[in-house]
1. By how many nm would the segment from His322 to Ser167 grow when fully extended, if each residue of separation counts as 0.36 nm and the alpha-carbon distance is taken off?
2. Extending each Cα 7 Å along its Cβ direction at Ser20 and Glu85, get the distance between those two points in nm, one decimal.
3. What is the angle, in °, between the Cα long axis of helix 78-87 and the longest principal axis of the Cα atoms in the chain? Nearest 10 is fine, range 0 to 90.
4. Does a label point 7 Å from the Cα of Asp210, set along Cα-to-beta-carbon, have any residues of the range 313-330 with amide nitrogen under 20 Å, and which are they?
5. Report, in deg cm²/dmol and to the nearest 500, the calculated mean residue ellipticity at 222 nm for the chain, where each DSSP H run with n ≥ 4 adds -39500 (n - 2.57) and the sum is divided by the residue count.
6. Calculate, in nm to one decimal, what His272 and Ser370 gain on full extension: separation in residues at 0.36 nm each, minus their alpha carbon distance.
7. When each pair of different Cα atoms in the range 123-222 is counted once in the 1/r mean, what is the Kirkwood radius in angstroms, to one decimal?
8. I'd like the Karplus ³J(HN,Hα) series for the range 343-352: coefficients 6.51, -1.76, 1.60, θ = phi - 60°, whole numbers in Hz, and an x wherever there's a Gly or Pro.
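The values are calculated or read from the model by the stated rules, or taken from the named source; none is laboratory data. Predicted, not measured: the structure shown is a model, and the values here were computed from it. Cβ placement follows ideal geometry from the backbone for every residue including glycine, while neighbour counts extend to all protein chains displayed. Just the protein is used for accessible areas: all its heavy atoms, side chains included, with ligands, DNA and RNA removed. Shrake-Rupley method; radii C 1.70, N 1.55, O 1.52, S 1.80 Å.
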Amino acid sequence: MSERSDDSAQDLSGDDESFSPLGATAIVIGGSMAGLLAARVLAEFFERVIVLDRDRLPADPGARAGVPQARHAHALLAGGLAVVERLFPKIGESLTRAGATTIDWGSDFAVHAASGWMPRAASGIVTYGCSRDLLESFIRRTLASNSKISFVDDSAVESLLPSSDGSRVQGARVRSRAGRTRDIVGCDLVVDASGRGSHAPSWLASLGYDRPREIVVASHRAYATRWFAQPSGARNWKALLQSTWTPDVTRGGLIYPAEGDRWCVTLSGAEHHYPPVDAEGFLEFARRQPTSVLYEAIRSARPISRIYGFRRLENRRRLFHHLARWPDRFVVMGDAACAFNPVFAQGMSVSARSAMALHACLRNAQRRGSLAGATRRILGALARTTAAPWFMTTVEDLRWAATEGATRRWYHRLAQRYLDRVSLLASSSAESNRRSLEVWHLLRGPTALLHPSLSIEVLRTLLTKGVRPLSPA
Ligand SMILES: Cc1cc2nc3c(=O)[nH]c(=O)nc-3n(C[C@H](O)[C@H](O)[C@H](O)COP(=O)(O)OP(=O)(O)OC[C@H]3O[C@@H](n4cnc5c(N)ncnc54)[C@H](O)[C@@H]3O)c2cc1C
């Protein structure tokens, strides 16, 4: 019953000899993860790809205002990494050279959840422990060496430029910080990847189109993050997660390793229990968790940054694909279309899968020899890519009483009960843990959790007294 995620089957030749362009120019609004991955794909189908970003893009890995979330722990899940590795085969080598460490999510990741400590056995689900800045910088630098792709920074898109009859988008107006405006016209495809704060709804409205319906599911969670020098000493884990769970455990945290022998320590508070951003409060929040492992690890570690807070963690989905009227040659992807509560670390991986969905649609258009009808197909494919991760994340958020923005339906409750059982089983069996990890890493669709090897066990736990978590402290 389980299915390998469909992306893995797609052809990704990147073979320049067979290059028959779908158009001369594509532009991407936003040069963060979704925009970068889209640009990589677009370069296979257009003669020229221009990536516009309102920030000044740093030459090396470094913080920038447009992605404040980069200061917080960022894990590229195995499902996302698999796609990124196909688009950028040298990524592993490059990240490792820069000091990233590999993490097997079974053996290297100590995870404490409602059912206790998860089993520590090699899972084969391996990702890189590195900063988000390093990841983005590697991809940006690689793309910058592609002669078809150019970056135009300090260029905030203000509006979309329509064709004379208003039926399609054919460019964008950008403004620099100094106030200079410039029109980029004659584009064959415009991709908005400008993140949660995208102005796509108002851009559409100003062209005479309807705004999309927007669903916001907010569990009132917040992050506080501080970076530490990794203390010396023996530990049997490389990364550590102390989960939150309903109804009582509203304080959680993550220690995630990064290049330069650093730890990114992100504390997470649910239901308005916001982690403090002062040093004493931060430590106290870490101390008041169900296990002392995270607190003990950081209490005498050397901080190397201030503490950064982040509160815009709601799930936000814009139903662009439901609009009856839509301008041709304009698509929206990444967080601009669907942003997730990052506690499940799906955003970058969903962007990667969305890039593959874009690739598949453009490949079909290329086979047909035309972009006619492609815009709608792309919108639909992007929406399908976000549907399962959206369901998984909102089902989890709807466990919290404070969550607003969606009605708890019977199928949410059913899914929650089933997932509770899966989680309990996962704590007692390395094999069940691996299956569950595969789904959370977007390597398989959620239906993999209904595989008989798991569902029969789930039924058994419902009929008997349940399972005994391994849970060694
Ligand atoms: C606190 C936090 C933690 C997260 N942790 C994880 C994690 O562990 N794993 C994971 O996979 N994902 C995580 N995410 C999600 C992840 O950051 C995003 O999903 C991912 O970056 C893809 O987003 P994006 O590229 O669509 O938009 P963004 O990353 O938000 O980037 C938008 C880009 O558009 C530019 N821009 C904005 N407006 C304009 C404009 N008008 N004109 C030109 N440029 C513009 C910005 O400068 C920026 O470069 C986290 C998010 C948050 C908030």
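1. Details: separation 155, 0.36 × 155 = 55.80 nm, distance 1.73 nm.
In short, 54.1 nm is gained.
2. Going from the Ser20 label point to the Glu85 one covers 3.3 nm.
3. So the helix axis and the longest Cα principal axis differ by about 30 degrees.
4. 317-330
5. Values: 12 runs with 151 residues, N = 473.
So the helix-based figure for the chain works out to -10000 deg cm²/dmol.
6. Working: separation 98, 0.36 × 98 = 35.28 nm, distance 5.05 nm.
Result: 30.2 nm gained on full extension.
7. 17.0
8. Calculated HN-Hα couplings, in order: 4, 9, 6, 9, x, 5, 5, 5, 4, 5 Hz.
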